[in-house]
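The values are calculated or read from the model by the stated rules, or taken from the named source; none is laboratory data. In this text, all values refer to a predicted model and were calculated from it rather than measured experimentally. Side chains are part of the model used for accessible areas, which takes the heavy atoms of the whole protein and leaves out ligands, DNA and RNA. Shrake-Rupley method; radii C 1.70, N 1.55, O 1.52, S 1.80 Å.
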Amino acid sequence: QVQLIESGGGLVRPGDALNLSCVISGRPFNSGCVGWFRQGAGKEREFVAAIAWSDWKYYADSVKGRFTISRDKSKNTVILQMNSLTPEDTSVYYCALNTVGTIRTRVQEYDYWGQGTQVTVSS
């Protein structure tokens, strides 16, 4: 059984940094890609960043230069480093696994999802 568990969310101030982790169990991350998405209140889920098993990375324009996605192969974990956070980054953040192909940016292209972790940026 494949499971994705996010952690690291919380309440931070504008300009602060936060690291989110996504631990994948039940399947090694040796194909496809892992993506981070976010969903604000009353909004649709949107793509944030993705990393392919080959380590190729891709970012949404809204986070490029501020967020960094990486992986810890020994722990089967994908990390999202978020810097210079703004109130517009406030959302529930989800990680998701696509088991085939390379970078994917659409919600429907992912096979497994975590439960999400809340990130709130407020002064």
*Given 0.36 nm per residue, what is the gain on full extension from GLU46 to ARG106 after removing their alpha carbon distance, in nm?*
20.8 nm
*So what is the diffusion coefficient of the chain in µm² per second by Stokes-Einstein at 10 °C and 1.306 mPa s, using a Kirkwood Rh over Cα pairs?*
112
*asked:* Quick check for you: with a 1.4 Å probe and neighbouring chains kept, what is the accessible area per residue of region 14-84, in Å²?
replied: 50
*Karplus (6.51, -1.76, 1.60) ³J(HN,Hα), θ = phi - 60°, over region 48-59, in Hz, Gly and Pro reported as x*: 10, 6, 8, 10, 8, 4, 7, 6, 5, 10, 8, 10
